[in-house]
Amino acid sequence: MLKYEIQNKTDYTFLGLFTGAGGLDLGFELEGFQHTESNEILDYAVNTLRYNRPDWDIVHGDVKEYTPSFKKGIDVLLAGFPCQGFSLGGNRDETDERNTLYKEVVRIANTMQPRVIVMENVLNLRTMKHPETGKPFAQQISEELSAIGYTTKYEFFRVSEFGAPQTRRRFIFIATKNDSLKYFRFPQPTRDTTIRDFLFELGQDLSIELPNHKPEWGFKSYAHTETGAKFDKDDVAIPIRLSRTASVGNPIRNFDSPFPAIDTATVWGWGLGNVSAKRIDKERENSKYVRNPNSKAKLWRISASKIRPFTAREYARLQTFPDDWVFLGKNKRELQLQIGNAVPVMFAKTIASKVREALEVMDGKQKMKIEEGEQTQLF
């Protein structure tokens, strides 16, 4: 069972905006920070948070109408503001109204004056231009934080190098008051985390009982074929991609690499026995389900004796949520939106450890550590 324990509790506090299913907030809690309040607009995500942390104060509502119940005294303000308008997986629309929700972070920070602000999003903030100023969003956000007294540092990360078994890349802003940013150091990458310890057992043993986990063989698909053919009893179930059949990468994965980035749309699953994948030229004039009749892309077709889709728990494992973190929702889509949009918990905990270290250095509780090869450039 994937389980974590909170160690070395501290008096440092945090407040979460755009909390979603709680990945960023949970990472900070695991690092010992004390939760004060979280704001989230989606009712099913709020239900998930309240179920798992009944002692957390969760404010359900639009962040534009949210004012924290206290004005000052917070150590860390967390904000994983929506990425859909920036992401390559979305519309990448400069005018998407969600792109300006960072302004609510600036508003609340100006009121609360936290010691540290942590903002998380996608890499495209470096290049996408603000429609009014023409500046990259990363620069625009930094300048707006500077206007209220904060210095900002930002960097991007591949989370597989920081404890999460997927190649997802995330963009992190750290902002502190005055010159105290000099005490913060971004974490340094380690060896890639593979999926073996997170997924292998769930693929092989369907009797494992966990929340959000009811695996069943049988996958109805016009693209892939569950043959029912006999197979060796020692065969191992293998992770496979069931959607995005025009993607270049082979849909059959191995256990000794990180997984591709988990998102809110791609369907993954398992193949057991006689698993194979080939690319075909699709007949696009008379076939069903033709999205782009002019495309010349070859499509992947998977064949296996047995096929089943991932459960919500298997997706959650790849986002490093503990197995006792229960996701609530009316359907699979609401579960996958929560899981796919979350910050991987172990990556969040890694960032939290460096924030805690900086606060303790500022407060004279420890000396600054400088790691070999670390990046310290201010932007």
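The table below gives the values:
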item	result
Which numbered condition SER87 fails, given (1) part of a loop (DSSP other than H, G, I, E, B); (2) at pLDDT 90 or above	(2)
Residue among LYS330, LYS369 that is among the basic types (Lys, Arg) and either outside the structural domain of ASP43 (by TED's automatic domain parsing) or under 22 Å from GLU209 (Cβ atoms) (or both)	LYS369
Residue within the range 359-371 that is under 25 Å from GLY20 (Cβ atoms), surrounded by 13 or more Cβ atoms within 10 Å (Cβ to Cβ), modelled with pLDDT of 95 or more and out of contact with any Leu (no Cβ under 6 Å at 6 or more places or on another chain) present	yes
Enumeration of residues in the range 323-346 that are within 14 Å of the chain's Cα centre (by Cα) and assigned to a loop (DSSP other than H, G, I, E, B)	ASN341, ALA342, VAL343, PRO344
The range 222-242: number of residues that are in a loop (DSSP other than H, G, I, E, B) and either buried (at least 17 other Cβ atoms within 10 Å of the Cβ) or among the acidic types (Asp, Glu) (or both)	6
Boolean, ALA277 is modelled with pLDDT of 95 or more and touching a strand residue (DSSP E or B) at 6+ places or on another chain (Cβ under 6 Å)	yes
Selected residue (criterion: farthest from GLU357 (Cα to Cα)) from residues of the range 3-31 that are in a loop (DSSP other than H, G, I, E, B) and charged (D, E, K, R)	LYS3
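Matching residues to (1) free of Cβ contacts under 8 Å to residues at least 40 places away in the same chain; (2) closer than 14 Å to MET112 by Cβ; (3) in contact with a strand residue (DSSP E or B) (Cβ under 8 Å, 6 or more places away or on another chain); (4) not β-branched (Val, Ile, Thr):
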site	(1), (2), (3), (4)
THR36	yes, yes, yes, no
VAL46	yes, no, yes, no
LEU49	yes, no, yes, yes
THR67	no, yes, no, no
ILE74	no, yes, yes, no
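Yes/no matrix, rows are residues, columns are (1) surrounded by fewer than 19 Cβ atoms within 10 Å (Cβ to Cβ); (2) modelled with pLDDT of 85 or more:
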site	(1), (2)
GLU94	yes, no
LEU101	yes, yes
LEU125	no, no
PRO165	no, yes
TYR183	yes, yes
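The values are calculated or read from the model by the stated rules, or taken from the named source; none is laboratory data. Small disclaimer: the values here were computed from a predicted structure and weren't measured. Cβ atoms come from the backbone with ideal geometry, glycine included; neighbour counts cover every protein chain shown.
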